[in-house]
Structure formats: structure tokens, C-alpha cells
Amino acid sequence: MEKKKKSAAVRFFTSKGFWFVIAPLLTAAIVFTVVSILNGAKKAGSLKDFSRMDAKDYVYIGTGFINYKNGNLNYFDINNSKNDSSHNIGIDDSSLKIAGGSNIRLVYNERSFFVLGTNQTVDIENGKIIDCKCGKNFAAFLIEDTESGKSRIELYNSAGSLCNKKEYDETLITGFGFENEESSIFYTLELSTTGKDIAVTITTFDPVKNSVNGVLSVYGMVVENVMFTEKSIFVFGTKSLIRFDRKTNREAYRVMTYGYECHSVSMNKRKKQVFALTEANNKNSQYVKLLTVSEEESANSTVCVISLPENCLYFASMDGMLAAVTENSIIKYDGSGEKVGENLFDMKVSSAMKLNQNELIVTIGGKVGIFKLKRA
């Protein structure tokens, strides 16, 4: 039987030259392509230039940033530069501070404040301003009475009008603020002593309705952080993390967190809250503990410990994961501690700060940028 001749193509692919020279090159090309695709998919996020704003002295107000320079109160919109604005206030005072929410912006010193959009400076009577926090349409001032030294809080609306005032004669204000920059829900933390024990009263107040929403009581520990979600009020103290149901103001559960401080929190794709915890009183801790809890009646908590990368400048719980910023990269870790993304930069990263669930403001090579974390 006559043998069939092999075609030129068959002879080529079965030759020693193909297997020793061409095949390794093709294999390398395929591997390079696959690795490139995987690396592209494993970016931590994307960077947007925001260099139109200076790299210092800014305040985030939910929709963008404000700063005060040469008598001008400037606004930089995070999504659309066409919404940027600059207003001359005419006061060039190095002691001035700035504050704002999504619909209110102001400058203040110890004795007075000026709300953008009004035509008058509001003077504080019989006291000096210690601190100011802003929500959507309101500003809250913590004021120390000149004569008695006792504290009071005054709430003003965006027109600069006083709408509520409360004095604290027998308790100490250890914290106050709004739910976030785009909310008007206000809260205070009052510390008092009951015998040998301490008690913290958390009061939530709606200035729009001029009514108290709820009063929560925590005994036996100092409250360090209060965090709001749609369903919950989370209270982090020196001993425990407590979840209160936001509708009923009833305590749902406690998780022991003694020896740790709450650095930041975010919600993961399963609607659970992920807290980034660090060792108390240790500013140089080399690891972060991710504590994940539910917003149900039981915590169903899980814990993961993540070692921070070398030269870590900043980290935060974001989108249910941990974002870590080094001098030349931003790295993303999932809830199990696995590294799932990284962005490398040619220029040095000098600062970073969490803005919201999935955005950071960073300074790279002396210029400001907005880094958007890739969603899980």
C-alpha cells in the first residue's frame, strides 16, 4: 500500500526546529498575553486628575471640597468642574477655619461665623467656638461659656439663623456631629458618672422637624465612634461594638472589641458592615483586623487579620474590603485577606484620605487625584 506524503504544514509542525525554536516563543507569547489580561483585571481601581485644587487645606463636604484662600471661599465639585465656584468674602484672617455640608458652607473663628450666601456675620454671645460640624443644611457649634466654662451647642440653618440651642450643665460633651455631610440628622454624646460607673447618652435629633429621634444609653465604657446606616446605629466603645436598631432604638447585640480602636467602616456586597480595627494606642501597628457583622438580630461576626504592606501611609475599610496606600501603590484586599488588586505609580504618593464608600483623595507627585476603587 502506497504511503501518503506529509504536507509541508505537517512536516513544519512536526519538525525539530518548530519544537525547539518556534513553540517556546509561541508559548511565551500566550503566557504574556494571559498575564497581561489578568494584570489588567486585577487593578485596584482608577485614578482621576484633580490637580485644579491645591494639595492642602481642604474640607470634604460630600459633593466636593471647599478651601479658603486669599479671602475667597472656593468650591471644587468632585464630579463636574462646571459646578466649581469661588466667592470673595473679603476677610483675610489666618485664624479662620472652614466647614461645610452639601448645602451649607461657612468660615468661622472663635467669636463669629459667616455663612456663604448670607450678607451678615453672626457673632457668638458669651462664649467662644470650640468646634463646628456641618450636615446637609445645618451647622452645629460647640461653644464654651466665657464665664462658667460650661458647654452648649447651637444649631444654625443655611440662612445663618439660630434654630436650636442646648446647654450642658451636668454632663460633658465628648462628641457631636451629623450622620454625614449630606444628612441633617444630628447627634450628641454626653458623658456622666453614676456612682463609680460611667454612662454615655447618645441623642439623635432632627432639626428639620425640631424633634428628638431617639436616646440611647451605654454604660461602663467610653464611646469613641458613632456610625449610621439605613437600618442601624453602630456604637464603638472601649470594650464593645454595639448595634442599635435604628427604628426602635433597641440594642440588638454586642461584639467584644476590647484593646482595639475603630479606624473606618464600609458595607460589603452582602450588605454586611466591615470594620477596620487597629490595636489601641499603637500608631505603628503592622496589621489590621477586619471585623464583619450583619445588620440583623445576631452579629454572625467573622474576623480576618491582614498584614499591612511595607511603607503603608494610609488604609481604610472601603466597599467591604481594605484599601492600603503605600509610597508608590494602592493595594486592595478582600474580606478574607487576599490581595485582589494593585495600582503602581511612577511618582511618590504623599497622602491619602477616604471620602466615601469607594473613593480616596490622594496626592501623587505633589498633585491631587481622586482614586476610585474598583467595585467587588
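The values are calculated or read from the model by the stated rules, or taken from the named source; none is laboratory data. Please read all numbers here as calculations on a predicted model, not as lab measurements. Using ideal geometry, Cβ is built from the backbone for each residue, glycine included, and neighbour counts are taken over all protein chains shown.
Things worth noting here:
- Every residue from the stretch 141-173 that is touching a residue at least 12 places away in the same chain (Cβ under 8 Å) and part of a loop (DSSP other than H, G, I, E, B): T146, E147, K150, S158, A159, G160, D169, E170, T171
- Strands (runs of 3 or more DSSP E) enclosed by the stretch 288-376 - at least 3 residues per element that are hydrophobic (A, V, I, L, M, F, W, C) and within 17 Å of the chain's Cα centre (by Cα): 312-318, 321-326, 359-364, 367-373
- D346 falls short on exactly one of the conditions (1) surrounded by fewer than 17 Cβ atoms within 10 Å (Cβ to Cβ); (2) in contact (Cβ under 8 Å) with a residue 24 or more places away in the chain; (3) of a type in the set (D, E), and that condition is (2).
- Residue list for the stretch 202-211, restricted to those being surrounded by fewer than 16 Cβ atoms within 10 Å (Cβ to Cβ) and either in contact with an Asp or Glu (Cβ under 8 Å, 6 or more places away or on another chain) or among the acidic types (D, E) (or both): D206
- Within the stretch 194-222, tally of residues that are touching a Phe, Trp or Tyr at 6+ places or on another chain (Cβ under 7 Å) and touching a residue at least 24 places away in the same chain (Cβ under 8 Å): 6
- In the stretch 65-80, the residues that are closer than 17 Å to A55 by Cα and either at pLDDT 85 or above or in a strand (DSSP E or B) (or both): F65, I66, N67, Y68, K69, N72, L73, N74, Y75, F76, D77, I78
- Of the residues making up the stretch 86-113, those that are assigned to a strand (DSSP E or B) and more than 27 Å from the chain's Cα centre (by Cα) number 3.
- The set of residues from the stretch 312-348 being within 19 Å of T302 (Cβ to Cβ) and touching an Asp or Glu at 6+ places or on another chain (Cβ under 6 Å) comprises M321, V340.
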